[in-house]
Structure formats: C-alpha cells, structure tokens
Amino acid sequence: MLNQTKLTNDFVIVKDGPITPGLQNVIDAFATQYPEIIKQVQLKENIGLGLALNEGLKICKNDIVARMDADDISLSTRCELQLKEFENDRNLDIVGCYVNEFIGDEDNIICTRTVPLTHDEIYKFAKQRDPFNHPTVMYRKSKVLACGGYSDLRKNQDTDLWIRMLMSGCKGKNIAQPLLLFRFDEETFKRRKSWINTKLLLKIRYKAYRTGFCSFTDFFKVVGMQLLIYIMPVSFQKWIYRKFLRT
C-alpha cells in the first residue's frame, strides 16, 4: 500500500488484539518512515473483523477508504484505478475488482476470483453470492456508517454489509482486472467448512429473504449449496470452487 502509484495521506492499521513483537517492529519501522500517514489503532483484545473495521473507520479522515487484509498484496495501480472510477461516476459508493489467489510464493497464482462488473449485475448476483471481493473494496465511509457499519458477526460480515448497502440504494462497480493478490492455503478450505460459518451465512441469507432482498428460490439455492459444502469432504469443496466459483 505504500508502493501505490497514488499514495494515500491516511494509512490506518487496526491491530485486533495483541500482536507479536516482530510484527510490531515492522509497523514501527514504517511508522517512523511515514509519521504523517500511518495511524495505529490498538485494540485490547480480539473483537473480530467487523467490529475492528468499525474502529478503524472511525478515525479515517477521508470519506473514500480502501481496505485490505494484512496478509494480502495490493498491486501498485490498485488505488489509482479505483479512485478513477469514483471520479468518473460521482454516484459510486463501492468499487471492487478481481483478485488473483496464490499459494506460498506470490508468483504461484492458482486462479482468478471474478465478480460481476456493473451495478445491475452486482445487485442480481448479491441475491445468492457475495458480489465483491472484500479485501479489494474501496468505499465511501459515510455510506458504510449510514447503513450501520459492520455487524457484530464473527464470519461473513461483508455479506451482511453488501446486502444492507445495496438495499439502501448504494451503487457498486467492479473493475475487470485483478488488482490484489489473495493469500490462499489448504487451511482456507477448512476454515470455511465449519458449522459456525454455515449457520451465520444462512442466518444472513434468511434475513435477506425476509426483508425482500431475494426470493425464496434464491434462499433455497444458497441453503442447498452451503449444506452440500458443509456435509461433503474438503475435496468436494475444492472441486466446487475450481469448477464453478473460480477461473
């Protein structure tokens, strides 16, 4: 993020609970180099991604905020290209993009995670699946907070947020280009194959159905797919991802 062609003037790092001395030393080294840019938010204990992001948003001084996770890599043109989309369309509230998933070395790209591009496609897609790659999004802080921010959920916080933002009239777009490298490993499949993850996602999707965002058919399809992924072995989950969810 500090090697962007369009450098930020406000870099907020949220530490969701205690971190190792080694990680803190890395942050401190960059904070010394960029004292006017880097802000650190230290949370006393781990409160989960959604609530931690809310704490970070509180002190972001710009309305347009780019977010990412600590273990991924933003390509150097990411911010410049996303900001251009906001400049070209003042009504945009969320801009995401494709991601390249890699294992181990960043040159070891295993697939590209694509998403719908236009707002109409995004709205339709969101009825059954996430229309944005969460680590890639750049969004308007004011619109996120106006929708209540991230919910206190341990999983699928972004799914819940996208539905609420789209229902409130927020406009989205995705760039048809991978601008972020997402770190993937075998544990990723295991983390997603859990009853907590499945139950929370179905709860969010049921709420979307009850509030009129999606149809019963949309909800039924989500239930069927999620239960299959939960019941079947990890090898089946890998096949689903590679066959239908990735390119």
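Pairing each residue of the stretch 14-36 that is within 18 Å of GLY56 (Cα to Cα) and without any contact (Cβ under 8 Å) to a residue 60 or more places away in the chain with any residue that is in a loop (DSSP other than H, G, I, E, B) and open to solvent by less than 80 Å² (accessible area, probe 1.4 Å), provided the two are 6+ apart or on different chains, yields C-beta distances under 6 Å for ASP16/LEU43; GLY17/LEU43. Yes or no: LEU81 over 21 Å from ARG183 (Cα atoms) and either part of a helix (DSSP H, G or I) or without any contact (Cβ under 8 Å) to a residue 60 or more places away in the chain (or both)? Yes; evaluated as a whole, the condition is true for this residue.
Condition check for SER74 on (1) surrounded by fewer than 16 Cβ atoms within 10 Å (Cβ to Cβ); (2) under 18 Å from ARG183 (Cβ atoms); (3) at pLDDT 95 or above: one failure, at (1). Among residues of the stretch 152-180 being modelled with pLDDT of 95 or more and assigned to a loop (DSSP other than H, G, I, E, B), the one that is least open to solvent (accessible area, probe 1.4 Å) is CYS170. For the stretch 84-129, which positions are open to solvent by 20 Å² or more (accessible area, probe 1.4 Å) and part of a helix (DSSP H, G or I)? If the condition is that a residue be open to solvent by 20 Å² or more (accessible area, probe 1.4 Å) and part of a helix (DSSP H, G or I), then LYS84, GLU85, GLU87, ASN88, HIS119, ASP120, GLU121, TYR123, LYS124, PHE125 are the ones that fit. Filtering the stretch 30-55 to residues that are hydrophobic (A, V, I, L, M, F, W, C), more than 19 Å from ARG140 (Cα to Cα) and open to solvent by less than 60 Å² (accessible area, probe 1.4 Å) leaves ALA31, ILE37, ILE38, VAL41, LEU43, ILE47.
Scan the stretch 130-151 for residues that are aliphatic (A, V, I, L, M), assigned to a helix (DSSP H, G or I) and either open to solvent by less than 60 Å² (accessible area, probe 1.4 Å) or at positive phi (or both) and report the count.
Selection size over the stretch 130-151: 1.
Selection over the stretch 56-71 of residues that are in a helix (DSSP H, G or I), of a type outside the set (A, V, I, L, M, F, W, C) and open to solvent by 30 Å² or more (accessible area, probe 1.4 Å) gives a count of 1. In the stretch 7-21, of all residues being under 21 Å from the mean Cα position of the chain (by Cα) and part of a loop (DSSP other than H, G, I, E, B), the one that is surrounded by the most Cβ atoms within 10 Å (Cβ to Cβ) corresponds to ASP16.
Which residues, counting only those in the stretch 217-247, are among the hydrophobic types (A, V, I, L, M, F, W, C) and at pLDDT below 75?
Result: VAL234, PHE236, TRP239, ILE240, PHE244, LEU245.
The values are calculated or read from the model by the stated rules, or taken from the named source; none is laboratory data. Only a predicted model underlies this, so the values are computations on that prediction, with no experimental measurement involved. Cβ coordinates were reconstructed from backbone atoms using ideal geometry, including for glycine residues, and neighbour counts include every protein chain displayed. Note: areas computed on protein heavy atoms with side chains; ligands, DNA, RNA excluded. Shrake-Rupley method; radii C 1.70, N 1.55, O 1.52, S 1.80 Å.
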